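Below you'll find the structure, written out as structure tokens, and then a few comments.
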Amino acid sequence: MNGYTKGQINDENMTELLKAICEKGMSEKETILLTSAMLNSGNKIDLSELGDCLDKHSSGGVSDSTTLIIAPIIASLNLKMVKMSGRSLGFTGGTIDKFETFGANTSISLENAKEIASKVGAVILCQTEDLVPADKRIYALRDKTGLVASLPLIASSIISKKLASGAKIIVLDVKYGEGAFMENLVEAKKLARLMVKILKKHKILSCAVVSDMNQPLGENIGNYMEVKEVINCLKNNNESRLLTLSKTIASLLVAMKEKIDLNLATKKVDFAVKEGLAYNKLKEMVLAESGNLDMFKDEKLSYIPVACETLGYVSNIKTKELGEITHELIRIKGCKGVSILVKVGDKVGLGDEIIRIYAPKKYADMFYKKYLNCITISKTKTNSLPLIYDIIK
Ligand code: URA
């Protein structure tokens, strides 16, 4: 790791090593050592002046805006979160891109971030340039060479960054499903267990949620639409899979930090959302980073509805493809994203509205069939999908 970071080992040799790791795997001990070597390639952030900070991490999915809900909940309960995030990666969305949709400036210094966290409670900022330089280079190489889907490589990449970020209490959200990096449930649970084990070795209080990504987490896809959904969740306490998962992760964090029973932590979190404390905190967070929530005030957006062409049950939703298509759509000026109005297991009839495309008609028409094909309808009844498969402590 040192040799590669310093440029003494070239990309070809590193690619050979990464290939070998992808093919043969690594023992637990080797993964732990690899994580430490990556962690030691850069500086560790010291957040001790803020007390024990909380953090969460999602392994990446479609319509996953949990950070924008969890951070204000945590801050509204007088706890601290300094959240370093990345931008969109492939078909997955990025917290930074979403937070910037509020007009917020996330390219702030660590000192500024600490100041905001001490006043407001939570802050979201772009990963600093020198956060685990080994991961920065190796990640780019993995992306280029297609060597991404490896348990030890994913674990060391995520955990080295978490350890360098300075939080003392962390909940990992490991996504399993067709719209995630882990498409196999057994492997997803293995990854979750491995990551929690490494964090605990470094004396970080942690646990992992293994959650579903066989359909988009929220109803909306596309930064603008997702941010509108976040506001709606916190303002109106609308029960949804997105809000339920966010509240679960927040409750696990609160329970670990305050050393209280999970039921009591859940009550505190529910109160923060129901009473609008978390919504007010989101407004404060956005304002502290020079953004403004007012641009989202009850504006009605026009959309093109996509109608179901058969009757039956939703048996499958091509989540990854929905993410990819929407990335393409929102690159066009005036196109905001989509709402997916159905979930796996829903009964649908001929002509039922199943998707809304928030785009001018000429562009929506270009994408109409692609979106329609992402929803599979079958004649046989299909069960709905669980939201959480496991919580690993
Ligand atoms: N997220 C990361 O930070 N690294 C990986 O390898 C996969 C997801």
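The values are calculated or read from the model by the stated rules, or taken from the named source; none is laboratory data. Since the structure is predicted, the reported quantities are computational estimates derived from the model, not experimental observations. Reconstructed Cβ throughout: ideal geometry from the backbone, glycine too, with neighbour counts over all protein chains shown. In case anyone asks, the SASA skips ligands and DNA or RNA and just uses the protein heavy atoms, side chains included. Shrake-Rupley method; radii C 1.70, N 1.55, O 1.52, S 1.80 Å.
Filtered by the rule that a residue be of a type in the set (D, E, K, R), under 21 Å from the mean Cα position of the chain (by Cα) and crowded, with 16+ Cβ neighbours inside 10 Å, segment 136-148 gives Lys136, Arg142. Within segment 40-65, the residues that satisfy the criterion of being modelled with pLDDT of 95 or more, within 15 Å of the ligand (Cβ to nearest atom) and either at positive phi or open to solvent by less than 10 Å² (accessible area, probe 1.4 Å) (or both) are Asp55, Lys56, Val62. Quick check, is Ala272 in a helix (DSSP H, G or I), aliphatic (A, V, I, L, M) and over 19 Å from the mean Cα position of the chain (by Cα)? Yes. Checked against (1) surrounded by fewer than 16 Cβ atoms within 10 Å (Cβ to Cβ); (2) modelled with pLDDT of 95 or more, Pro72 meets all criteria but (1). Return yes or no: is Lys268 closer than 17 Å to Val227 by Cα, open to solvent by 70 Å² or more (accessible area, probe 1.4 Å) and either modelled with pLDDT of 95 or more or not hydroxyl-bearing (Ser, Thr, Tyr) (or both)? No, not satisfied. Residues that are over 23 Å from Glu258 (Cβ atoms), away from the ligand (no atom under 12 Å from the Cβ) and either in contact with a Leu (Cβ under 6 Å, 6 or more places away or on another chain) or not aromatic (Phe, Trp, Tyr) (or both) occur at least once in segment 167-176. A Cβ distance below 7 Å, combined with a sequence gap of six or more or placement on separate chains, defines the contacts here; from segment 33-55, residues that are closer than 18 Å to Ala117 by Cα reach residues that are surrounded by fewer than 15 Cβ atoms within 10 Å (Cβ to Cβ) in the pairs Leu50/Ser118. For segment 149-207, the set of residues classified as hydroxyl-bearing (Ser, Thr, Tyr) and open to solvent by 20 Å² or more (accessible area, probe 1.4 Å) consists of Tyr176 only.
Across segment 351-365, the qualifying residues are those that are within 21 Å of Gly218 (Cβ to Cβ) and in a loop (DSSP other than H, G, I, E, B), and the one among them that is least open to solvent (accessible area, probe 1.4 Å) is Ala359.
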